[in-house]
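What follows is a short report on a single structure.
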Amino acid sequence: MSVTTTVVVCLNAVVGVLNLVLLLALARRIADSGHSHGGSAGEAAVTVPENKLADGSPAPAFRVATRQDGVLTGADLPGPAAVGFFSTTCRPCREQAPGFARIASTVPGGRDRVLAVIKGSGQIADDLVELLSPVARVVVEADDANDPTLHPGIGPASEAFGIVRWPSYVEIGADGRIANRESATELFGDSAAELAPQTV
């Protein structure tokens, strides 16, 4: 093997390894999107988008069709109340849903004060509906605009609440104002934190 061939093979190997490292870094960033990761010294932190309605905003007006309880409007969800937003394509959503269900089961006023919004369709959506229906009124925002579960004039709750990250948890206070929560365990204070396991 000539020196030139050896150099070309070595350069190809270096470029291949560099491409692999970059691909793995990109895959990790995509998998972690929607979740806050503070970087250690010298590392940049991944920026997590904030939901569009800031803390202290009035709870939005909305009108949605629930799976089992008919049409629901903002007036039907007075505070204190909790709203959880889950997506079928979001692994942390599926992991955190059981913790949200446990916390929802302790909300004063029961399931009438809890709304769960599931974005997506298929078996995962059906599994989430089965898990959350006993403790919350459940809305499924299907991926397909022609889905028969969507009704004319009834829009997505996630849009009304300005949700841009999944999962998201919103607490509606007795004053009708919202507070975005980083995790389900932050809903309704420390008593809820004891009920839901932390996900890593």
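The values are calculated or read from the model by the stated rules, or taken from the named source; none is laboratory data. It should be emphasised that the depicted structure is a prediction, and the values quoted were computed from it without experimental measurement. All Cβ positions, glycine included, derive from the backbone under ideal geometry; neighbour counts span all protein chains shown. When the accessible area is computed, the model is the full protein with side chains, heavy atoms only, and any ligands, DNA or RNA have been set aside. Shrake-Rupley method; radii C 1.70, N 1.55, O 1.52, S 1.80 Å.
Being at pLDDT 90 or above and open to solvent by less than 10 Å² (accessible area, probe 1.4 Å) is a property that holds for Ala125. Taking segment 1-90 as the region of interest, the strands (runs of 3 or more DSSP E) fully inside it that hold 3 or more residues being at pLDDT 65 or above and under 21 Å from the mean Cα position of the chain (by Cα) are 63-65, 81-87. The set of residues from segment 72-82 being surrounded by fewer than 15 Cβ atoms within 10 Å (Cβ to Cβ) and within 17 Å of Ser158 (Cβ to Cβ) comprises just one member, Thr73. Being touching a residue at least 24 places away in the same chain (Cβ under 8 Å) and out of contact with any strand residue (DSSP E or B) (no Cβ under 9 Å at 6 or more places or on another chain) is a property that does not hold for Pro80.
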